[in-house]
Structures are given as C-alpha cells and as structure tokens.
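Working notes for the structure below.
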Amino acid sequence: MIRPLIAGNWKMNGLEAWLEVIEAIGDGLNKQPDAADCLICPPFTMIAAAAKAADKTRLNIGAQDCHTVANGAHTGDISAEMIADAGGKYVIVGHSERRADHGESDATIAAKVEAAFRAGLTPIICVGETLSERESGETIAVISSQLAGSIPASAFGQHFVVAYEPVWAIGTGKVASVEQVEEVHDKIREILGERFPGQANETPILYGGSMKPSNAPELLAVGNVNGGLIGGASLKADDFLSIYAASVS
C-alpha cells in the first residue's frame, strides 16, 4: 500500500495572517487518523514561518518551485537548499503554470528534480495535457513524453511523487471524469514500472485538477490515485481537512 499524500498548492496567495490557516490545518490533522501524509506549499515568503507554525503537528511544509543550482548570481531565484534551510520538506516542480508562464522545459524540470534530491527534498513532478491536446487524442503521448523528459535517471532509488494535472481542469471548476483519471494514472504507473522496476509501486501518483470536498471521495477511490495536489480548496482549513479525511476513510 502506498501512503497517500494530500498536498496543497497555495500559488501566489498568503500573507502573515494566513498562518492561522496553517495552524488550523495542523491542529485538525492531530485529530484525524495518521494514515496519510499532508503538505502545504505556501509562497516562499511564508515557508519559514509556516514550518514553525506547523511544528509539533503532522503537517509538512514545502515550496512551489526551486532553481537548478545551489547558489550564485540568480537574482530573484530560490535554491532547493534555501527551501530546506527554511524548513521545507517538499518542492513542486514542473507545474503547468511554470511550464506555460515561464517556458520551463522538461530538461529544466529534470534538473530541478536533481536539485531537490541534492538538498534532501521530495520533488512533486507535475505532468498534464492542455485542452487542445486532450481533444486531439494526444493525452497519453504528452504525458509519456513529459514523464520521460522530466524525471532524471538519478530518480532511481529516490523517493519522488508524480502529480497528474490536466491543464484544462486547473482552477476552471472542470474535473476529469473518473474514467479519464483512471486511464492516465494507470498509464503513469505502467511507465514508472518500466523505467524504475521494483520502485514504481512505492511512488505516489496524485490527481491535481479542481479536487474539492464534494468530489474528493470519488476521485481518491480511483485505482492508482494516491492523493491530491489541491489548489483553491487548500486555502480553507475546513475544506482541506475534509479532503484529507476522504483520503483516510
């Protein structure tokens, strides 16, 4: 059995006052079964304070991106080592918004995965197709290509997470059907099994497209769905804890 992971991506949301949400989630987790891992990835500015607020709870704190190198002349960037130093345990890499808004290639993402390993962080590697790619029947080809290019050979023997996030279902309210989710997650598991024999059945695969309390039970019941990468619903402690509860029920 793969231990589920419920991860929240706050994106560009969160000020100091939002630490109350971190504290509420941490307190709520202590009242629920310890049957899944839980993570919030706030903005860089909140990582250290969030890690402190989550201390003595089961809530982990992570980051939404990292640079490929440990230090140097890279104005405005944050290294994986800095994230770890601030108390982060995970880092999201290859999110569709980074791929689209910042032109990140699979090769860049693979280098960020290696940076995460170097710093002792667990990378959450995102893959997903656009609406046009879905409608033209390219979903599996796109996912396969992204997995091949975004996961470096150094991932063998390392713990990492894969998140499937259909781009057309992120923040739109649209949700992939159970059949669509199952098809892609099964394919991801197959690809991982071919590339990392003996390791694939230990790698969590998250679904990341408009998961919320109302649809979480159905989505989390799908084969090879081992948790969720949650956007908007992670901004409210009650909603996020409801999704966590669905993962351990």
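The values are calculated or read from the model by the stated rules, or taken from the named source; none is laboratory data. What you see is a predicted model; the values in this text were computed from it and never measured. Note that each Cβ is placed from the backbone with ideal geometry, even for glycine, and that neighbours are counted across all protein chains shown.
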Worksheet item: Looking at the range 201-212, is at least one residue surrounded by 17 or more Cβ atoms within 10 Å (Cβ to Cβ), at pLDDT below 95 and touching a Lys or Arg at 6+ places or on another chain (Cβ under 9 Å)?
Response: yes
Item to complete: Of all residues in the range 121-148, count the ones that are under 16 Å from the mean Cα position of the chain (by Cα) and either modelled with pLDDT under 95 or of a type in the set (G, A, S) (or both).
Response: 1
Worksheet item: Of all helices (runs of 4 or more DSSP H) completely enclosed by the range 52-166, which ones contain at least 3 residues that are aliphatic (A, V, I, L, M)?
Response: 80-85, 106-119, 139-150
Practice prompt. Please work out if A80 is touching a helix residue (DSSP H, G or I) at 6+ places or on another chain (Cβ under 9 Å), among the aliphatic types (A, V, I, L, M) and crowded, with 21+ Cβ neighbours inside 10 Å.
Written response: yes
Response to the item:
Result of the Cβ filter at 9 Å on the range 1-28, keeping first residues that are free of Cβ contacts under 8 Å to residues at least 60 places away in the same chain and partners that are basic (K, R), at least 6 apart or interchain, is L19/K52; G26/K56; G26/R58
Worksheet, complete the sentence: Per the filter on the range 232-249, residues within 15 Å of L39 (Cβ to Cβ) and either crowded, with 24+ Cβ neighbours inside 10 Å or at pLDDT 95 or above (or both) are A233, S234, L235, A237, F240, L241, I243, Y244, S247
Worksheet item: List the pairs whose first member sits in the range 80-109 and is more than 23 Å from T57 (Cβ to Cβ), whose second member is modelled with pLDDT under 95 and assigned to a helix (DSSP H, G or I), and whose Cβ atoms are under 6 Å apart, counting only residues at least 6 apart or on separate chains?
Response: S96/V167
